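Data first, discussion second: the structure below is written as structure tokens.
The values are calculated or read from the model by the stated rules, or taken from the named source; none is laboratory data. Since this is a predicted model, take the numbers as computed values, not measurements. Please note: Cβ atoms are built from the backbone with ideal geometry, for glycine as well, and neighbour counts cover all protein chains shown.
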Amino acid sequence: MTYCSVFQEFRQRAFAKRQQQLTAMKVLQRNCAAYLRLRNWQWWRLFTKVKPLLNSIRHEDELLAKEAELTKVREKHLAAENRLTEMETMQSQLMAEKLQLQEQLQAETELCAEAEELRARLTAKKQELEEICHDLEARVEEEEERCQYLQAEKKKMQQNIQELEEQLEEEESARQKLQLEKVTTEAKLKKLEEDQIIMEDQNCKLAKEKKLLEDRTV
């Protein structure tokens, strides 16, 4: 698992947690709104209208109990309103944080995509350079084999020249003929040496190109 996928999973979990908190806040807001609606019920209005009549038919202790209960209700209502304000503030903060996380996640996702694209391009380029390097290695190997062949031919020609020189010493009568063969053989040898110099030069160039490509692939 890459760094980008781990980071994305972490961001998604944080985002899911924030979503759960927002859902809980919405439920609490609905409960507070329902509580606030209770104060407009008909029984409460009826109670406020008949309250003066209760003084004549109920005991003072009972009235005080009702007033205490009303005070508690008012306190609960005030606490609910304060809590609702806090939750609304918290919701605004969470929404702002959610937006920030979404923007950051988007930026990280785009950055990961760019990094993956760059890695793919570099991999393709590396493979291309490796193929070129392999081709050059094959060509160098072929040229080395050809150079070895030319060296063997050169050695043969040198041996032939030596043999011809020995024959010249032994057979003076056939000197002119052998001299002609020697000249011809030396010309071939010179041509082979020239070919060998050319091949060695080509080998040096190919070796330099191979080293250059190996340095670029590292």
**Request:** Among what's in segment 195-213 and is within 14 Å of Arg146 (Cβ to Cβ) and of a type outside the set (A, V, I, L, M), pick the residue that is modelled with the lowest pLDDT.
**Result:** Asn203
**Asked** Looking at Leu99, is it out of contact with any Ser or Thr (no Cβ under 6 Å at 6 or more places or on another chain) and free of Cβ contacts under 8 Å to residues at least 40 places away in the same chain?
**Response** yes
**Prompt:** In the list Gln159, Gln167, Gln176, Gln127, which residue meets the criterion of being of a type outside the set (D, E, K, R), more than 60 Å from the chain's Cα centre (by Cα) and at pLDDT 85 or above?
**Reply:** Gln159
**Prompt:** Based on what the data block shows, is Val73 at negative phi, surrounded by 12 or more Cβ atoms within 10 Å (Cβ to Cβ), more than 53 Å from the chain's Cα centre (by Cα) and at pLDDT 65 or above?
**Reply:** yes
**Item:** Any chance Glu116 is assigned by TED's automatic domain parsing to the domain that holds Phe15, out of contact with any Pro (no Cβ under 7 Å at 6 or more places or on another chain), within 30 Å of Lys17 (Cβ to Cβ) and modelled with pLDDT of 80 or more
**Value:** yes
